[in-house]
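I have placed the structure first, in the form of structure tokens, so that the comments after it can refer back to it.
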Amino acid sequence: MEQILVNGAILAANYALIALGITLIFSIMNVLNFAHGQMFMFGGLIVYWTVAQLGLPYAVGLAMAAVAVGLIGMAFEVFFFRRVMRDSTREENTMLLAVGTALLLENAALSLFGEKQRGIPPIVTGVYRIGDAFLPANRALVFGISLVLIVAILLFVTYSKTGRAMRALAQDRTATLLMGVDTARISTLGFGLGAALAGIAGGLLITVSGVNAGIGTAISTKAFIMIMIGGAGVVSGALLGAVALGFIEAFGYAYLPGSLTYLMIFVALILFLLIRPQGIMGKPWG
Amino acid sequence: MSTRYFEARDLTVSYDKVAAIRDVSIGFDEGQVVALIGANGAGKSTTLRAITGLKRPGRGEIWFEGERIDQIAPAKLVERGIAMVPEGRRVFPHMSVRDNLLMGAHTREDKAGVASDLERILTRFPRLRERLRQNAGTLSGGEQEMLVIGRALMTKPRLLLLDEPSLGLAPLVVRDIARLILEINRDEGVSVILVEQNSRMALRISQYAYVLETGRIGLEGASAELIDNAHVRALYLGG
């Protein structure tokens, strides 16, 4: 039992980075980032490249993953999303564009890194014991870094001037413009930050389970599940969704045959959405 | 060139090739309260949107403090001293009253000035001080109107544009808001363009007024005289 809780907490912390990133992009840009899983995957592969191939320290690899994927996100916003949003009259256009960017990243990863599962050895070795549960030091490190980042993001969004402008933009674009905010710049930053979080999450997870070029869609699906549970566009909802999915998954893997867990999660999600379509923390639509 | 403090000359704004306003010209001197009144759809809000750059005029010029401003991006106008309070209040609902006010200071770097302005605004609006940590979405309509006016004042404007501040408010609250607009104009030396469907209130607190009729200025004059004008009385003041 303790082991399941420990596993759940580690998953939840990693998922929270994913959910926070997709929520940032969704609330600021009103774009559902279908490429979020691919950004995660790219972050993992960049860490693999810098650590396993270039032989650089893990910290450098993780920073590279954050910066590179963040820049990819910013470039997507400036060159693709901004233009499509300006010229299109339908919201579906940005969705299709997001799916396109997912394919773009996936194929870029296939060309650059191939289709093999890539991993790097644990950063730290050793195992802690908590009660009856075992906690490998590497997973503890991943958990710790995730927690620190989550707190840092929450502090940034809550207390910094730029973070406040991001929240304002998510709530009322015109009113934000009237406050003299450079909304284009804030949108680019928001997209970049959301993407960087996905990259970091991937860069952390590669030390635990490895990644491959095709993992993106599965991760995106998990991200969508989390924001559906928690409520789209709400930070508290993202965190709640991550905690819920992390623990459900940990319990599922412990008590159910492997492939059954996600089947059960989807069935439960459909039933849940029938009762509460806006998620736990979300506002009812319309 | 323009010699007046504020001047909009021959503004024409079209939506999908249909003109919403045509050849609208307004002008006034520093420190005045000017009203734009008229029926729903007469073009009052469009005129304001043209002034703030939210909708570019197809034709015409806008001058403020001796400089032409009709090509400047809306966000940059804030730094030029023009603040707009949009129709329907538009607070940031999931943000505290304090954060809403601080959003008004977004472009300002003078930390001490921001702190003292925040204090001054909270003294002017004691209700906002009581609700400082509360989310703006939980405020009453009148409190939200005070908040958006306070938020606009945090930008340190010299010209304040108010779009239908009385909309949906109870008569007593409208009176409070009217008094506040006058006080702000008097105490802070801020010029005001007031767009209102509540013509009576607008004519009472303004010195000069323009009456918009289907996209054109049908009538203009000193507000005190317009109140007594038979045409205005019949059409906009309920006889």
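The values are calculated or read from the model by the stated rules, or taken from the named source; none is laboratory data. Please read these numbers as outputs of a predicted model, since none were measured by experiment. Using ideal geometry, Cβ is built from the backbone for each residue, glycine included, and neighbour counts are taken over all protein chains shown. Areas reflect the complete protein model, heavy atoms only, side chains present, ligands, DNA and RNA absent. Shrake-Rupley method; radii C 1.70, N 1.55, O 1.52, S 1.80 Å.
Take the conditions part of a helix (DSSP H, G or I), surrounded by fewer than 24 Cβ atoms within 10 Å (Cβ to Cβ) and not β-branched (Val, Ile, Thr) and apply them to residue A:218. Does it pass? Answer is yes for this residue.
Please find, among A:141, A:177, the residue that is aliphatic (A, V, I, L, M), modelled with pLDDT of 90 or more and farther than 25 Å from residue A:26 by Cβ.
A:141
Scanning the stretch B:79-110 for residues that are more than 9 Å from chain A (Cβ to nearest Cβ) and under 20 Å from residue B:64 (Cα atoms), we see that the one that is most open to solvent (accessible area, probe 1.4 Å) is B:80.
Restricting the stretch A:100-147 to residues that are β-branched (Val, Ile, Thr) and assigned to a helix (DSSP H, G or I) leaves a set whose member that is surrounded by the most Cβ atoms within 10 Å (Cβ to Cβ) is A:142. Here A:80, A:40, A:34, A:76 are screened, and the one residue that is open to solvent by 30 Å² or more (accessible area, probe 1.4 Å) and either among the charged types (D, E, K, R) or in contact (Cβ under 8 Å) with a residue 60 or more places away in the chain (or both) is A:34.
The residue list A:197, A:189, A:193 contains one member that is part of a helix (DSSP H, G or I), farther than 30 Å from residue A:122 by Cα, at pLDDT 95 or above and among the hydrophobic types (A, V, I, L, M, F, W, C), which is A:189. The single condition among (1) touching a residue at least 40 places away in the same chain (Cβ under 8 Å); (2) open to solvent by 40 Å² or more (accessible area, probe 1.4 Å) that residue B:129 does not meet is (1). Applying the set (1) more than 14 Å from chain B (Cβ to nearest Cβ); (2) open to solvent by 10 Å² or more (accessible area, probe 1.4 Å) to residue A:190 leaves exactly one unmet item: (2). Assess whether residue B:150 counts as being open to solvent by 10 Å² or more (accessible area, probe 1.4 Å), without any contact (Cβ under 8 Å) to a residue 60 or more places away in the chain, outside any loop (DSSP other than H, G, I, E, B) and within 14 Å of another protein chain (Cβ to nearest Cβ). The answer is no for residue B:150.
Inspect the stretch B:221-229 for any residue being buried (at least 16 other Cβ atoms within 10 Å of the Cβ) and part of a loop (DSSP other than H, G, I, E, B) and give the result as yes or no. So far as the stretch B:221-229 goes, yes, one or more of its residues are buried (at least 16 other Cβ atoms within 10 Å of the Cβ) and part of a loop (DSSP other than H, G, I, E, B).
With respect to the stated conditions, residue B:124 is away from chain A (no Cβ under 12 Å) and either open to solvent by 10 Å² or more (accessible area, probe 1.4 Å) or in contact with an Asp or Glu (Cβ under 9 Å, 6 or more places away or on another chain) (or both).
Residues in the stretch B:57-78 that are free of Cβ contacts under 8 Å to residues at least 40 places away in the same chain, of a type in the set (A, V, I, L, M, F, W, C) and more than 7 Å from chain A (Cβ to nearest Cβ): B:69, B:72, B:73, B:77.
Here residue A:52 fulfils each of the conditions (1) at pLDDT below 95; (2) among the aliphatic types (A, V, I, L, M); (3) open to solvent by 30 Å² or more (accessible area, probe 1.4 Å); (4) touching a helix residue (DSSP H, G or I) at 6+ places or on another chain (Cβ under 8 Å) apart from (4).
Pick out the one residue from B:11, B:54, B:48, B:36 that is crowded, with 21+ Cβ neighbours inside 10 Å, within 14 Å of chain A (Cβ to nearest Cβ) and closer than 22 Å to residue B:85 by Cβ.
After applying the criteria, what remains is B:48.
Among the residues of the stretch A:148-181 satisfying the criterion of being open to solvent by 10 Å² or more (accessible area, probe 1.4 Å) and β-branched (Val, Ile, Thr), which is nearest to the other protein chains (Cβ to nearest Cβ)? The residue in question is A:174.
Scanning the stretch B:159-191 for residues that are within 12 Å of residue B:149 (Cβ to Cβ), in contact (Cβ under 8 Å) with a residue 40 or more places away in the chain and touching a Ser or Thr at 6+ places or on another chain (Cβ under 8 Å) turns up B:160, B:161, B:163, B:185.
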